[in-house]
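Here's the structure we're looking at; comments come further down.
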Amino acid sequence: MDSEVARRLRELPSVEALLSSERLRVLRDHYRPEYLSRLARSALQRARAAVRTGSEAPSLEALSEWVLQALAQEAEPLRRVINCTGTVTHTNLGRALLPEAARRALLQAASSYVALEYDLERGERGHRDRVVEPLLCRLTGAEAATVVNNNAAAVWLALHVLARGREVVVSRGELIEIGGSFRLPEVMAAAGVSLREVGTTNRTHPRDYEAAIGENTGLLLKVHPSNYTIEGFTRSVELEELVAIGRRHGVPVMEDLGSGALVDLSRWGLPREPVVGERIAAGADLVTFSGDKLLGGPQAGIIVGKREAIEAIRRHPMMRTFRADKLTYAALSAVLRLYETEPNLRTVLPMLQRMTWTPEALQERCQLWAATWRPRLEPGILVAVEPCSAQIGSGAQPTARLSSWAITLRSQTVGPDRLAAWLRDAPTPVVGRIEGERLWLDLRTVADAELPELDRAITFLGERHREVSSGR
Ligand SMILES: *Cc1c(COP(=O)(O)O)cnc(C)c1O
């Protein structure tokens, strides 16, 4: 080893000396010694690596700062991020933002005993579905309802309970795969049902279902194509037709709706998504959908439909492994109550607010912020305001786009991936989208309260860019 490098390495303090430094000493009153030692060791490791690649040894002051930064980051294991992707319901960013009423209900359930499985009138044990079932029945017209951890669990459980050891008939055009390894044929195999595919990719007729029904048919399944559309020469069998076929042969019909809106979104000028109540009215025996997609509630799988089928699901021994906790019931019931009582849903549901921003308002917002960012970023980074298309996300209307506006950033010296990485490294990480050599920041998914933080992240980006561009 070069003697200069060796000298610099020797200059670095010990773990003990670093933790006794002016700024870090006080931490000892608040954190376990083993924890602080780990932070100090990793700061020193980073310093040694830097020295070996030719840097000066960082000062005690700088090392202390690294420890404090690591502490601040680790204090929030689930990091809050600013979503500038333009995808309103982003599965990787945690899906729905809950309305105020649900946040309050969560806090109360978290900090108090609640009548979750307790019937207060009779003073005896009750079922936890009592909390949401009446609401779900009124909102969808179904006879009964139950809740599990997510829609994937709802689909598995419903298939398993209704048709284990039997055939489930599905159109070839509906054998979906959604992100994160949910592939319908595999879910069906795991649920112990046999898949009976009918029709072709683009066309399935009522007669295809009729021909497939036999002694061992347990269920006719319809699946909402959440993340693709089939266009051109197509034919699919409407739910009403499928229900008529099922009735004729005495076979139940289930629909996996995926997103599952409780109200018609076209009321707000949004693309039309199937509404759960309409599917129940069309005669489906069971409908499954997510609590945290279009509904805008907590992660949950909701199963509504015929009482007998719901009760069979509820009684099944595996039900317990999919059971949702009190926090889910608290948040979900608060959101459902808003659907029942609130005359102006758009003002209370954060997701609906984000879906319904007008392009004009977004354009104005982008222009305003672009003007304040320009002096900090130009000439190194070009700032523009450009139209773009946002999406609802998580399998609602995959091809429909919401027209939106974004601020785009293009550096003269580094690629957009580099700009994106710096924004992710900002004190509040910002997630954008890269397209056509620019970084796109869509403001549709940003709350007013987040704008000052986004602004600080931009300052941070500008500083990083100048450091690199000036060759440091
Ligand atoms: C999203 C989706 C699922 C899975 O729902 P999760 O809530 O993610 O578990 C199942 N089926 C369809 C059609 C979907 O769109």
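The values are calculated or read from the model by the stated rules, or taken from the named source; none is laboratory data. The structure presented is a predicted model; accordingly, all values stated were derived computationally and were not measured. Here the Cβ positions follow ideal geometry from the backbone for every residue, glycine too, while neighbour counts run over all protein chains shown.
Which members of the range 115-141 meet the condition of being exposed (fewer than 12 other Cβ atoms within 10 Å of the Cβ) and in a helix (DSSP H, G or I)?
none
Residues in the range 22-39: is at least one surrounded by fewer than 16 Cβ atoms within 10 Å (Cβ to Cβ), farther than 30 Å from Gly94 by Cα, touching a helix residue (DSSP H, G or I) at 6+ places or on another chain (Cβ under 8 Å) and among the small types (Gly, Ala, Ser)?
Scanning the range 22-39 turns up at least one residue that is surrounded by fewer than 16 Cβ atoms within 10 Å (Cβ to Cβ), farther than 30 Å from Gly94 by Cα, touching a helix residue (DSSP H, G or I) at 6+ places or on another chain (Cβ under 8 Å) and among the small types (Gly, Ala, Ser).
Out of the range 243-267, which residues are within 16 Å of the ligand (Cβ to nearest atom) and either aliphatic (A, V, I, L, M) or over 24 Å from Gly301 (Cα atoms) (or both)?
Going through the range 243-267, the residues within 16 Å of the ligand (Cβ to nearest atom) turn out to be 253-262, 265.
Hits for the range 243-267 are Val253, Met254, Leu257, Ala261, Leu262, Leu265.
Could you say whether any residue in the range 391-414 is in contact with a Gly (Cβ under 8 Å, 6 or more places away or on another chain) and among the charged types (D, E, K, R)?
No, because not a single residue in the range 391-414 is in contact with a Gly (Cβ under 8 Å, 6 or more places away or on another chain) and among the charged types (D, E, K, R).
So which residues in the range 146-177 are more than 18 Å from Ala309 (Cβ to Cβ) and part of a helix (DSSP H, G or I)?
Within the range 146-177, Ala152, Arg172, Gly173, Glu174 meet the criteria.
Rundown of residues vs (1) among the hydroxyl-bearing types (Ser, Thr, Tyr); (2) under 18 Å from Ala361 (Cβ atoms), yes/no style:
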| site | (1), (2) |
| --- | --- |
| Thr408 | yes, no |
| Pro429 | no, no |
| Arg433 | no, no |
| Ala449 | no, yes |
| Thr459 | yes, no |
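Tell me which of these Ala420 doesn't satisfy, since it passes every other one: (1) in contact with a Gly (Cβ under 8 Å, 6 or more places away or on another chain); (2) at pLDDT below 95.
Answer for Ala420: the failing condition is (2).
Condition test on Arg10, is it in a helix (DSSP H, G or I), out of contact with any Ser or Thr (no Cβ under 9 Å at 6 or more places or on another chain) and in contact (Cβ under 8 Å) with a residue 24 or more places away in the chain?
no
Can you confirm whether Ala110 is away from the ligand (no atom under 16 Å from the Cβ) and either in the same structural domain as Lys222 (by TED's automatic domain parsing) or part of a helix (DSSP H, G or I) (or both)?
Yes; evaluated as a whole, the condition is true for this residue.
Can you report the number of residues in the range 142-190 which are closer than 30 Å to Lys326 by Cα and either within 9 Å of the ligand (Cβ to nearest atom) or crowded, with 20+ Cβ neighbours inside 10 Å (or both)?
27
Is it true that some residue in the range 302-316 is within 16 Å of the ligand (Cβ to nearest atom) and part of a loop (DSSP other than H, G, I, E, B)?
no
Test Arg337 against the criterion of being under 30 Å from Leu116 (Cβ atoms) and either without any contact (Cβ under 8 Å) to a residue 12 or more places away in the chain or basic (Lys, Arg) (or both), and give yes or no.
Yes, satisfied.
Please identify the pairs in which a residue from the range 64-76 that is more than 17 Å from Thr428 (Cα to Cα) has its Cβ atom under 7 Å from the Cβ atom of a residue that is at pLDDT 90 or above and outside any helix (DSSP H, G or I), counting only partners at least 6 apart or on another chain.
Close Cβ pairs (under 7 Å, with a partner that is at pLDDT 90 or above and outside any helix (DSSP H, G or I)) amount to Ser64/Ser21; Ser64/Arg23; Ser64/Leu24; Val67/Leu24.
Tell me, please, whether a residue that is at pLDDT 95 or above, of a type in the set (A, V, I, L, M) and surrounded by fewer than 21 Cβ atoms within 10 Å (Cβ to Cβ) can be found in the range 246-260.
Looking for residues that are at pLDDT 95 or above, of a type in the set (A, V, I, L, M) and surrounded by fewer than 21 Cβ atoms within 10 Å (Cβ to Cβ), one finds none in the range 246-260, hence no.
Could you check, for the range 231-250, whether at least one of its residues is over 24 Å from the mean Cα position of the chain (by Cα), among the aliphatic types (A, V, I, L, M) and closer than 28 Å to Met355 by Cα?
Yes, the range 231-250 contains at least one residue that is over 24 Å from the mean Cα position of the chain (by Cα), among the aliphatic types (A, V, I, L, M) and closer than 28 Å to Met355 by Cα.
Of the conditions (1) within 16 Å of the ligand (Cβ to nearest atom); (2) surrounded by fewer than 24 Cβ atoms within 10 Å (Cβ to Cβ), Glu360 satisfies every one except a single condition; which number is it?
Unmet condition: (1).
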